[in-house]
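A single structure is presented below for examination.
The values are calculated or read from the model by the stated rules, or taken from the named source; none is laboratory data. Bear in mind the structure is a predicted one, so any value in this text is a computation, not a measurement. Ideal geometry is used to build each Cβ from the backbone, glycine not excepted, and the neighbour counts take in all protein chains shown. For the accessible areas, the whole protein counts, side chains as well, though only heavy atoms, and no ligand, DNA or RNA atoms are used. Shrake-Rupley method; radii C 1.70, N 1.55, O 1.52, S 1.80 Å.
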Amino acid sequence: MSTDPTPTAWVRPGHIGYVGPDLGVDPHAPSVAMLTVGLDGPLILHTPHGPVRTSSSFAPARTAHRIAATQGWILALFVDPAGAPATLISDEMTAAAGAFGLRHRRERELVELCRAPVVDPDRIYARAVAGASPVTDPRIAKLAAAIRDEPAQALRADQIAANMGLSTGHFLHLFARHCGTTFRGYQRWNRMISAVSSAVAGHDLTRSALDAGFATPSHFSESFRDMIGLSATTMLRAGIRFDLGPASPALAVDQ
């Protein structure tokens, strides 16, 4: 188990992560790719085709699955596909089970980093990915950055496509090819991060969800459970220390 007794979660521009005990998530399908590593023992990866026992697993964006730790703590790393395409992690997996990658090449290093007295999210991220990011269409890169900066803004695919001189279908295909997830899913993911970050900073969760661009609190709740596998209130009450960035002090939340 980590030498730090407090579970830690973080938010960075290119990734969010969690180091701590298994929270007992339900099946979920994040809008972004997800790497999970067992820090104290193997994992059981539950897939539509049956369970798989492994020391670490990689799930592509929008792939339904559930992870259960056989013992101890886990690392769960969600990677923004616009910043580091899924191939940067999937290429580091040494085996596969259908769409899922198994056994990360630098698994031991990741475990040691997670066991450090102070978890360093950026070092963990750097060891999880490999190689230089492929060149992204600058129009898509600019759009993805705008979504991250202002997730609540209402963006319509047909309008953006017209501004780019593309058909709506071509634009949606281009976005998915470069970002590894759908245009709608990428917006929803960033709205969820914005809402949770606001709530962790001390704001009302319902207000945070609405300010982030969710139509209703129930829409936020459904989206969170679909992508993370548990409710936002359960996560916020789990005694997790939240690190919102290098310039922000870590916050222990127990609402």
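Check Pro249 against each of (1) at pLDDT below 90; (2) surrounded by 13 or more Cβ atoms within 10 Å (Cβ to Cβ); (3) of a type outside the set (Val, Ile, Thr) and name the one condition it does not meet.
With (1) at pLDDT below 90; (2) surrounded by 13 or more Cβ atoms within 10 Å (Cβ to Cβ); (3) of a type outside the set (Val, Ile, Thr) applied to Pro249, the lone miss is (2).
Pick from the stretch 178-187 the residues that are assigned to a helix (DSSP H, G or I) and open to solvent by 20 Å² or more (accessible area, probe 1.4 Å): which of them is modelled with the highest pLDDT?
Going through the qualifying residues, I end up with Arg184.
Scan the stretch 17-65 residue by residue and report those that are open to solvent by 50 Å² or more (accessible area, probe 1.4 Å) and on the phi > 0 side of the Ramachandran plot.
Correct list: Gly24, Arg62.
Only one residue in Ile160, Ile240 is over 24 Å from Ala64 (Cα atoms), at pLDDT 90 or above, under 18 Å from the mean Cα position of the chain (by Cα) and surrounded by 17 or more Cβ atoms within 10 Å (Cβ to Cβ), so which one is that?
Within the list Ile160, Ile240, the selection yields Ile240.
Still on this structure, I have one more. Exactly one of (1) of a type in the set (Gly, Ala, Ser); (2) in contact (Cβ under 8 Å) with a residue 24 or more places away in the chain; (3) assigned to a strand (DSSP E or B); (4) farther than 25 Å from Phe183 by Cβ is unmet by Ala96. Its number?
(2)
Take the residues of the stretch 25-72 that are part of a strand (DSSP E or B) and under 13 Å from the mean Cα position of the chain (by Cα): which is farthest from Arg184 (Cα to Cα)?
So the residue we want is Thr36.
Could you count how many residues in the stretch 1-24 are of a type outside the set (S, T, N, Q) and either without any contact (Cβ under 8 Å) to a residue 24 or more places away in the chain or not in a strand (DSSP E or B) (or both)? Full working, then the answer.
Looking only at the stretch 1-24, we keep the residues that are of a type outside the set (S, T, N, Q), and these are 1, 4-5, 7, 9-24.
If we keep only those that are either without any contact (Cβ under 8 Å) to a residue 24 or more places away in the chain or not in a strand (DSSP E or B) (or both) too, we end up with 1, 4-5, 7, 13-14, 22-24.
Number of matching residues: 9.
Kindly list the number of the only condition in (1) over 26 Å from Asp211 (Cβ atoms); (2) open to solvent by less than 50 Å² (accessible area, probe 1.4 Å); (3) modelled with pLDDT under 95; (4) in a helix (DSSP H, G or I) that fails for Phe175.
(1)
Of the numbered conditions (1) open to solvent by 30 Å² or more (accessible area, probe 1.4 Å); (2) within 19 Å of Gly229 (Cβ to Cβ), Trp73 satisfies every one except a single condition; which is it?
Only one criterion in (1) open to solvent by 30 Å² or more (accessible area, probe 1.4 Å); (2) within 19 Å of Gly229 (Cβ to Cβ) is unmet by Trp73, namely (1).
Can I ask one more? Counting just the residues of the stretch 217-231 that are closer than 11 Å to Pro30 by Cβ, open to solvent by less than 20 Å² (accessible area, probe 1.4 Å) and assigned to a helix (DSSP H, G or I), which one comes out modelled with the lowest pLDDT? Break it down into steps so the answer makes sense when it comes.
Going residue by residue through the stretch 217-231, those that are closer than 11 Å to Pro30 by Cβ are 223-224, 226-229.
Keeping just the survivors that are open to solvent by less than 20 Å² (accessible area, probe 1.4 Å) gives 223-224, 227, 229.
After this cut, where a residue has to be assigned to a helix (DSSP H, G or I) as well, the list is 223-224, 227.
On the way: Ser223: 93, Phe224: 93, Met227: 90.
Out of the qualifying residues, it is Met227.
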